[in-house]
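What follows is calculated from the coordinates using simple rules that are stated; it is not laboratory data. Just so you know, these numbers come straight off a predicted model, no measurement behind them. Glycine gets a Cβ as well: all are built from the backbone with ideal geometry, and neighbour counts include every protein chain shown.
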Amino acid sequence: MSTFDSPMDVSRETSERLEIYAQLLRKWNPRINLVSRNTLDDLETRHIADSMQIFDLAPQGWKHWADLGSGGGFPGLVIAILAAEFSPVAQVTLVESDQRKCAFLRTVIRETGAPATVVAGRIEATAPLSADILSARALADLDTLLGFAERHLCEGGAALFPKGANWKKEVDNARVQWRFDCEARTSKTEPSAVILKIGGITRV
């Protein structure tokens with residue numbers, strides 16, 4: 001089996017786990033549409049490397065990472081695979097309401113041994129997760145995401161939300177109802193996009 005050519009300095013075992021994940025996604029995608037078909041040829045950059053940079057931005061010492069609306073597993077499954085090497089005592093929770101996608105996520109977890117569990121249900125109906133880190137990719141606008149973060153982040157936790165070119169407008173709109181600290185990091189895979197690192201979330 002070939003190993004995934006990672007943009008991070010990872011072990012051969014981690015590269016092989018990422019490759020297993022990529023192969024499973026390509027196998028399942030025609031049946032349940034995990035990612036857009038026209039991004040499959042660029043899967044390693046558009047989805048996997050894009051998710052790896054989110055892991056890189058996480059504060060040190062986290063123990064519990066929750067990924068909301070995990071879908072095909074970005075960034076949550078990638079986070080879990082990296083955690084197996086870099087954060088061996090950590091745990092990742094993947095929240096997904098689509099049962100077919102949950103089956104896919106559990107298959108990848110089983111095949112890779114990633115330290116993750118799947119919660120099958122709606123985000124707003126899931127019991128508070130008290131996560132140190134929260135992520136969500138292409139899920140909702142920032143105002144909605146902050147409501148999810150209020151429910152599922154522990155006190156002092158941080159949210160990492162990838163956002164596209166209109167991110168400044170989303171931040172301005174969210175500040176109508178929320179107070180929060182926000183740091184924008186330019187995406188390494190899409191120059192017009194950013195990853196928002198958010199903390200100190202309270203309602204106005």
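The figures follow:
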| read-out | value |
| --- | --- |
| Per principal axis, descending, Cα span of segment 96-204 in whole Å | 40, 32, 22 |
| Cβ charges +1 (Lys, Arg) and -1 (Asp, Glu), total dipole of the chain, debye | 500 |
| Stretch gain in nm, segment residue 144-residue 203, where the contour uses 0.36 nm per residue and the Cα spacing is subtracted | 20.0 nm |
| Candidate lysines for bridging to residue 197, where Cα separation is under 29 Å - those fewer than 8 sequence places away on the same chain excluded | 63, 101, 163, 168, 169, 188 |
| Value of relative contact order over the chain, rounded to a whole percent, pairs C-alpha under 8 Å and six or more apart | 17 |
| Residues in segment 117-144 that a label on residue 169 would reach, taking backbone N under 16 Å of a point 7 Å out along Cα→Cβ | 140-144 |
| Potential extension, residue 60-residue 27 segment - 0.36 nm per residue separation minus Cα distance | 8.4 nm |
| Gap separating the Cα centres of segment 139-204 and segment 104-127, nearest whole Å | 23 |
| Cα centroid separation, segment 60-88 to segment 8-24 (Å) | 14 |
| Calculated SAXS-style log₁₀ I(q)/I(0) at q = 0.10, 0.17 Å⁻¹ - the chain, Debye, Cα scatterers | -0.38, -1.17 |
| Ranked list, fewest to most other Cβ atoms within 10 Å of each Cβ, for 64, 47 | 64, 47 |
| Rg and Dmax of segment 61-106, Cα atoms only, in Å | 10.5, 33 |
| Sequence of 14, 186, 107 once ranked by neighbouring C-beta atoms within 10 Å, starting from the fewest | 186, 107, 14 |
| Under 14 Å, Cβ to Cβ, from residue 141 - net charge with Lys/Arg +1 and Asp/Glu -1 | +2 |
| Estimated [θ] at 222 nm from DSSP helical runs (n ≥ 4, -39500 (n - 2.57)) normalised by residues in the chain, nearest 500 | -11000 deg cm²/dmol |
| On Cα atoms only, tilt of 76-86 relative to the major axis of the chain in degrees | 80 |
| Extension gain (nm, one decimal) between residue 111 and residue 192, 0.36 nm per residue minus Cα-Cα | 25.7 nm |
